[in-house]
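Below is one structure, written out as structure tokens; the observations come after it.
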Amino acid sequence: MAPPVSVFRCLAFGLGLLATLTGARAQNADIVFFNGKIVTYDTDAAEALAVRDGRIAAIGRSADIRALAGPATRVVDLGGRTVIPGLIDSHIHAIRAGLTWRTEVHWTGARTMAEALERLRKAAQTAPKGSWLVVAGGWIEGQFAENRRPTQAEIAAAAPDHHVYVQVLYVSVLLSPGGLEALGLTNHAELASRVKIETGRDGQVTGWLWGDNRTISDLYDLLPRPGFEQKLAGTRAFFRVLNSLGVTGVLDPGGYNMPISEYRPLFQLWRERALTVRVVYSLCAPRPGHELEDLQAMTDAMPMGFGDDWLRFNGIGENVTWGMYANDNSTPADRERLYQVLKWAVPRSLTATFHWHNNRTVHHLIDVLERINRETPVASLRWSIAHLTDASPESLQRMKAMGVGWLMQNALYFRGEAFLGQRGAEAARMTPPIGTALRLGLQVGGGTDAHRVMSYNPFVSLQWMVDGKTAAGTPMRAPEEMPTRLEALRLYTLGSAWFAFDEGKRGSLAVGKLADLAVLTKDYLTVPVDEIGSIASLLTMVGGRVVYASGPYAALEDKTPAD
Ligand SMILES: [Zn+2]
């Protein structure tokens, strides 16, 4: 009879074997991609990648990675295709875009006026007669072969039984005949006084209205608002469009007329675990003159960093105080008000992002940030200035010295010709100064500022970063201000992730990081430059979930819980 100790040993051995087997099974990947070109920033291009439990489990040669597949592993042949880290737009009004996505007509990417008008005509076929058809920006005449804006007669002909509203940036709006009355502008005297009605050479009104950023926003707000279900469906649909272009994350800076109630559709999708894009958002001060009290009330129940990897609160801005919101004529009182808000924000570890356009006045903003920074260093808070397209090296240096980053967008893709007209070719050569910022070691995030002032397409933005050409093809930037393709991609991934405090867990393809990635239709690194803008995703994964798949991979898509 065997002594008890042997029994114990047998038992121990048995348990050990069982544990090893369980361990081996646990090592099996959930999904394996092989035979591709995996873009990593720190190792030579790898061929294959394994995902387990929502994270990247291994990267390497195809044979080694395939060995991690078990019976239940999905094994995907990349067929030589390129895989990039999921793209992160560091400044996009994605929440607002989602609210109206289903009730607007989109001219984004249309190459001719005929194509744009056809989209309007098509929408008119299904929209109830007498309702509004709204094109809320995202286009510029330079993208059309005709290189001009539509006329009132053209939009009326495309949709004779509807009211039509066509917005260009935050600059002008074209209404179909009778549009002013239908919009009810006559009941809003103060707003009407700010709107400039264009007349042609014949003295007749053309249908075009002009105004500043705020005026155009207020005009838009006279349009009928979509219902909650439309907002919900629109948010899902817009996020899917972003997924189709390889976007896995956004940083959303709120915006005009975005009361907290407008975040409900987003919050509902998060509760249902139906988000397909990681959303990191900041909140704007809703009322001029009440910034501190409003931001205090809004953040009382929502501390910095509140949320999870799908939805997270990321501080205040891009409108922190109305008087310091791209205000070229700010007063000492405006600057003092911002100082007071930031003094309150620092001990709460709130990050802050500031919307500012012109370098010639940004010193007023930077002065306030430096005043705060002298009292308490702000580097750990990762503040940022958004836009500042014509930033001078001096402004960038002052930002770098404080650890304040720069959220840079492709505004000049649409507005390049206007900039050239106002500032000349010499200024355009270093606008925006992407190369200078990189040489300074400034933190820079890529992005679009979509969807009204720009296309949301990240590949259009990436192409513009590396070739400096406008939608109409006008070259602008000097070679020393052009990043390489890999540098541009880095800004659009790791660069953006930094502003969300997330560079340690996403923004690059590395073992242990969240499995956020995109398999591309074409090789971003080698395709002719002018084809970068037409790249799309064939498969987009967020946290190990295939949120979008098409073509050869269509069957791999994981339906979200609410589908
Ligand atoms: Zn902005």
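No lab work stands behind these numbers, since they all come straight from the coordinates. Remember, predicted model here, so these are calculated numbers, not experimental data. Here the Cβ is made from the backbone with ideal geometry for all residues, glycine too, and neighbour counts use every protein chain on show.
Listed values, structure above:
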| read-out | value |
| --- | --- |
| Ranking of Lys231, Lys559 by count of other Cβ atoms within 10 Å, fewest first | Lys559, Lys231 |
| 0 to 90° range, to nearest 10: angle between helix 291-300 axis and the chain longest Cα axis | 30 degrees |
| Candidates per trypsin sites (Lys or Arg not before Pro) in region 167-224, loop by DSSP, up to 13 other Cβ within 10 Å | Arg201 |
| Mean separation of Cα contacts under 8 Å, 6 or more apart, over the residue count of the chain: relative contact order % | 17 percent |
| Mean ellipticity per residue at 222 nm, deg cm²/dmol - from DSSP H runs of n ≥ 4 across the chain, formula -39500 (n - 2.57) | -10500 deg cm²/dmol |
| Footprinting exposure proxy for Val547, Val511 (fewest neighbouring C-beta atoms within 10 Å first) | Val511, Val547 |
| Span from the region 491-563 Cα centroid across to the region 291-319 one, whole angstrom | 27 Å |
| Candidate lysines - alpha carbon under 21 Å from Lys400, same-chain residues fewer than 8 apart omitted | Lys343 |
| Local electrostatic count at Val75 - Lys and Arg +1, Asp and Glu -1, tallied over other residues with Cβ under 12 Å | 0 |
| Estimated inter-spin distance, Asp523 and Gln268, nm [label 7 Å along Cα→Cβ] | 4.6 nm |
| 10 Å-binned pair-distance histogram of the chain (Cα, whole percent) | 3, 17, 26, 26, 16, 6, 3, 1, 1, 0, 0, 0 |
| Over 29 Å (Cα to Cα) - which of Lys231/Lys505; Lys37/Lys505; Lys522/Lys559; Lys231/Lys559; Lys129/Lys559; Lys37/Lys122 fall in this group | Lys231/Lys505; Lys129/Lys559; Lys37/Lys122 |
| Point-to-point label distance, Ile197-Ala554, nm (Cα→Cβ direction, 7 Å offset) | 5.1 nm |
| Residues Met298, Met324, sorted so that the one with the fewest Cβ neighbours within 10 Å comes first | Met298, Met324 |
| Shape category assigned to region 94-220 from the gyration tensor of Cα positions, a/c cut at 1.5 | rounded |
| Translational diffusion of region 277-380, µm² s⁻¹ [Kirkwood Rh, Cα pairs; Stokes-Einstein; 37 °C; 0.692 mPa s] | 233 µm²/s |
| Neighbourhood net charge (11 Å Cβ-Cβ; Lys/Arg +1, Asp/Glu -1) for Leu442 | +3 |
| Average Cα contact separation per residue, region 407-551, under 8 Å, 6 or more apart, as relative contact order % | 22 percent |
| Local net charge near Arg278, Cβ-Cβ under 10 Å (Lys/Arg +1, Asp/Glu -1) | -2 |
| Calculated P(r) tail over 17 Å for region 42-102, as whole % of Cα pairs | 56 percent |
| Spatial separation of Cα centroids for region 55-133 and region 232-271, in angstrom | 14 Å |
